[in-house]
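Just so you know, all these numbers are worked out from the coordinates, no wet-lab data involved. Values in this document were obtained by computation on a predicted structure and should not be read as measured data. Here the Cβ positions follow ideal geometry from the backbone for every residue, glycine too, while neighbour counts run over all protein chains shown.
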Amino acid sequence: MSTALSESKAGFSLAPQSIDEALKFADMLSKSNLVPKDFIGNAGNILVAIQWGMELGLQPMQSMQNIAVINGRPSLWGDSVIALVKASPVCEYVVEEVNDNGATCKVKRKGEPEQVRYFTVDDAKKASLWGKQGPWTNYPKRMLQMRARSWALRDVFPDVLRGMPIAEELQDMPSEKDVTPAQEPASAKTDPVTLDDATFKTIADKYRESVASGKKTVEGFVAWVESKGALMTDSQKEEVASWTVKKPDVVEGEAKTVTDDFTSAYEQAESENS
């Protein structure tokens, strides 16, 4: 094998060189079963993870394995956090200790004094983590170690981690709740519907006697019908007015008939509006 070919293969990288390559690359990975399940079918999350990884110095495939989306936020797994810090030229050392009482993480940045962070069993109990179902029950010492590490490395090397949160820490935080007040849906405005003659006839057959006997006034009947969402036509209102029983009224020896008071009021309103 030629030296040139060997150098070419050694320098092979899938890192996209343009936005078009990144989009195609993310789409291709989203269709693969070899990527973490949170990225399958989600090219958008893959693109974000690759971009975050590039800023941290990770290759695309490293980003896929070490960046997780927890509660909608991209985060780094604890092992990748310590790997990035130890690979940085500003880090002198990272020393971790774990026992039955808790975990300690000692770190030193070049030109600065040593920093120490602790996370004890009492701290875990206060945070309602100790005995919590999941990793805190199955691997309590490991979780104590991750907490002490997270605090130390994020405090001392925020520039190396670009402010990325730690996945193990985010997993223990409750999901954010949307506290935006719910808005009432806008009422759909529709044009009034006119009562059709067939429906009016059905109503008339059923309620004519109520109006004729005075149990319902003409005004009340019209208002009741229109409260159901259909407007009555003028001819329909006139017919309802005609249902009222005419009563004889003798005035100075002459027989007169009068209708329900509403009929005359209705006719007057109709005349004024015509």
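The phi-based Karplus calculation (6.51 cos²θ - 1.76 cosθ + 1.60; θ = phi - 60°) puts the 3J(HN,Hα) values of the range 66-73 at 10, 10, 10, 9, 10, 6, x, 10 Hz, whole numbers, x for Gly and Pro.
With a cut-off of 13 Å between beta carbons, the residues surrounding P135 carry a summed charge of +1, where Lys and Arg count +1 and Asp and Glu -1. Take Y93, project a point 7 Å from its Cα along the Cβ direction, then tell me which residues of the range 103-126 have their backbone nitrogen under 20 Å from it. Residues passing the 20 Å test: 103-119. Measure up K37/K108; K206/K237; K106/K126; K37/K125; K216/K237; K106/K141 against 25 Å on the Cα-Cα distance and list the ones that go over. Over 25 Å apart, Cα to Cα: K37/K108; K37/K125.
Of the peptides 88-99, 143-154, 115-126, 39-50, the order by per-residue mean of other Cβ atoms within 10 Å, starting with the highest, comes out as 143-154, 39-50, 115-126, 88-99.
If R0 is 35 Å, the Cβ-Cβ spacing of D100 and D155 corresponds to a FRET efficiency of close to 0.90. Modelled label positions at Q17 and D196, each set 7 Å beyond Cα in the direction of Cβ, lie 7.0 nm from each other. Cβ-to-Cβ counts within 10 Å put K108, K24 in ascending order as K24, K108, the fewest first.
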